[in-house]
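> The structure follows.
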Amino acid sequence: KLQMREKTMIKLDDAYDENNIFAKILRGEMPSITLYEDEKTLAFMDIMPQATGHCLVIPKEPAVTFLDLSEDSAAAVMATAKKVAAAVVRAMEAPSFMMAQLNGSAAGQTVPHYHMHILPRHDGLELEFHARAPEDMAVLNETAEKIRTQI
């Protein structure tokens with residue numbers, strides 16, 4: 001299992017950190033802009049998006065990497081990701097989309113809670129840098145509403 005030791009230092013043999021930002025979101029201790037929620041998953045807007053419509057899907061089960069997830073949670077995350085990705089494509093009028101999932105710091109994982117990124121893609125539009133600048137909350141809420149109407 002993984003745990004954040006420093007800003008992005010993650011070791012594969014560490015335990016799950018109950019104080020990571022996504023665990024706090026799941027407990028209602030931190031705000032998020034929810035797109036979809038069911039008994040096993042939560043989908044919400046990435047506050048530092050790489051593209052307009054960038055969102056995340058997480059399991060409610062505490063797991064750091066894909067290998068830590070139960071088969072039931074892995075299936076639930078994929079079902080939610082499929083539902084949300086379809087909504088993102090329609091809402092953003094995107095000809096394509098990208099799904100990304102990183103496991104461990106060497107792969108670029110910065111939050112030690114399993115999560116799937118969904119990013120709409122358009123020809124000629126480059127991705128912004130990851131986790132560099134927060135988006136205006138009004139813009140995120142407007143984008144979220146467009147996505148929610150497609151779920």
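Rule-based calculations on the coordinates, nothing more; no lab input. These numbers were taken from a predicted model, which means no experiment stands behind them. We place every Cβ from the backbone using ideal geometry, glycine too, and count neighbours over all the protein chains shown.
> Going Cα to Cα from K60, which aspartates and glutamates come in below 18 Å? Please leave out same-chain ones fewer than 8 positions away.
D17, E18, E29, E37, D38, E39, D46, D68, E71, D72
> Collect residues whose amide H, placed 1.01 Å from N in the peptide plane, falls under 5 Å from the amide H of D46; neighbours closer than 5 in sequence don't count.
Correct list: C55, L56.
> Could I ask something else about it? Run the simple label-point estimate for D136 and F66 please: 7 Å along Cα→C-beta, distance reported in nm.
Those two pseudo-labels are separated by 3.7 nm.
> How many nm is it between the label spots at Q150 and M30, if each spot is 7 Å from the Cα in line with the beta carbon?
Computed distance between label sites Q150 and M30 equals 2.6 nm.
> Relative contact order of the chain, please, whole-number percent, based on alpha carbon pairs below 8 angstrom and at least 6 residues apart. Walk me through the intermediate numbers first.
Working: 295 pairs, mean separation 44.9, N = 151.
Relative contact order comes out at 30 percent.
> Once the Cβ-Cβ distance between A86 and K40 is put in as r, and R0 is 22 Å, what FRET efficiency do you end up with, to the nearest 0.05?
Working: r = 18 Å, r/R0 = 0.84.
The formula returns an efficiency of 0.75 here.
> Of the candidates R121, R90, R27, which one comes out as most mobile in a Gaussian network treatment of the chain with C-alpha springs shorter than 10 Å?
R27
> Let me spell out the model: positive unit charges on the Cβ of Lys and Arg, negative unit charges on the Cβ of Asp and Glu, origin at the Cα centre of the chain. What dipole size does that give, in debye rounded to 20?
On the way: 15 positive and 22 negative charges, 20 e Å.
For this selection, approximately 100 debye.
> Turning to a different aspect of this structure: What value, in deg cm²/dmol to 500, does the helix sum -39500 (n - 2.57) over DSSP H runs of n ≥ 4 give at 222 nm once divided by the residues of the chain? Intermediate results must be reported in sequence, preceding the final value.
Details: 3 runs with 39 residues, N = 151.
The helix contribution divided over the chain gives -8000 deg cm²/dmol.
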